[in-house]
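Visitor: I'd like to ask some things about the structure below.
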Amino acid sequence: TAQQVQAAFQQIEKECSTYLNKIAELEQEVNEHSLVLKAFEKVEPSRRCFRMVGGVLVERTVAEVAPAVKQNQEKIRAVVKRFEEELKKKTEQRTAFMNKYGLNRQGGGGGAAAASGEQSKPSASGGSVLV
């Protein structure tokens, strides 16, 4: 029925939106990690710093923390890449769904345009890093 088609389409749209939000959130995390690593370049490796581990603030040296931050950044980038691939699949699924049932986007721009624009747009919010 038309209601089932609409519900299925809305579910696909919701999943695309969820992927976009999660990708943006993770890209912000990558940017924060970059800021920390950049701050670490300006200080000596023996300088003490604090790192949040499982909700507990622990004292370490820059030399101990920098590799862990870099590794976390790479893992987050891998997850972002995987989510972007999933988003691409969902977008293709949505397009196929729209073609199959003859649906037109009445909202204008469409999710695919928003997806590609959102992925390439870097976040420009500043943050503070205590070292």
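Visitor: Could you tell me whether segment 60-77 includes any residue that is part of a strand (DSSP E or B) and either of a type in the set (Ser, Thr, Tyr) or touching a Phe, Trp or Tyr at 6+ places or on another chain (Cβ under 9 Å) (or both)?
Guide: There is at least one residue in segment 60-77 that is part of a strand (DSSP E or B) and either of a type in the set (Ser, Thr, Tyr) or touching a Phe, Trp or Tyr at 6+ places or on another chain (Cβ under 9 Å) (or both).
Visitor: Still on this model: Would a scan of segment 20-39 turn up a residue that is over 19 Å from the mean Cα position of the chain (by Cα) and in contact (Cβ under 8 Å) with a residue 40 or more places away in the chain?
Guide: Within segment 20-39 (the criterion being over 19 Å from the mean Cα position of the chain (by Cα) and in contact (Cβ under 8 Å) with a residue 40 or more places away in the chain), the answer is yes, since at least one residue qualifies.
Visitor: Another question, if that's okay. When you look at Ser34, is it under 18 Å from Leu87 (Cβ atoms) and part of a helix (DSSP H, G or I), yes or no? Give the steps one after another, and end with the answer.
Guide: On the way: under 18 Å from Leu87 (Cβ atoms): no; part of a helix (DSSP H, G or I): yes.
It is false that Ser34 is under 18 Å from Leu87 (Cβ atoms) and part of a helix (DSSP H, G or I).
Visitor: To continue, here is another question. How about segment 20-39: which of its residues are among the β-branched types (Val, Ile, Thr) and under 14 Å from Val62 (Cα atoms)?
Guide: The one that is among the β-branched types (Val, Ile, Thr) and under 14 Å from Val62 (Cα atoms): Val36.
Visitor: Just to be sure, is Val43 in contact (Cβ under 8 Å) with a residue 24 or more places away in the chain, exposed (fewer than 15 other Cβ atoms within 10 Å of the Cβ) and touching a helix residue (DSSP H, G or I) at 6+ places or on another chain (Cβ under 7 Å)?
Guide: Numbers: in contact (Cβ under 8 Å) with a residue 24 or more places away in the chain: yes; exposed (fewer than 15 other Cβ atoms within 10 Å of the Cβ): yes; touching a helix residue (DSSP H, G or I) at 6+ places or on another chain (Cβ under 7 Å): yes.
Here the answer is yes, as Val43 does meet what is asked.
Visitor: Tally the residues that are under 17 Å from the mean Cα position of the chain (by Cα) and open to solvent by 60 Å² or more (accessible area, probe 1.4 Å), restricting the search to segment 79-109.
Guide: Total meeting the criteria: 6.
The values are calculated or read from the model by the stated rules, or taken from the named source; none is laboratory data. None of the values given here were measured: they were computed from a predicted structure. Every residue, glycine among them, receives a Cβ derived from its backbone with ideal geometry; neighbour counts consider all protein chains shown. Keep in mind that these areas ignore ligands, DNA and RNA; they rest on the heavy atoms of the full protein, side chains included. Shrake-Rupley method; radii C 1.70, N 1.55, O 1.52, S 1.80 Å.
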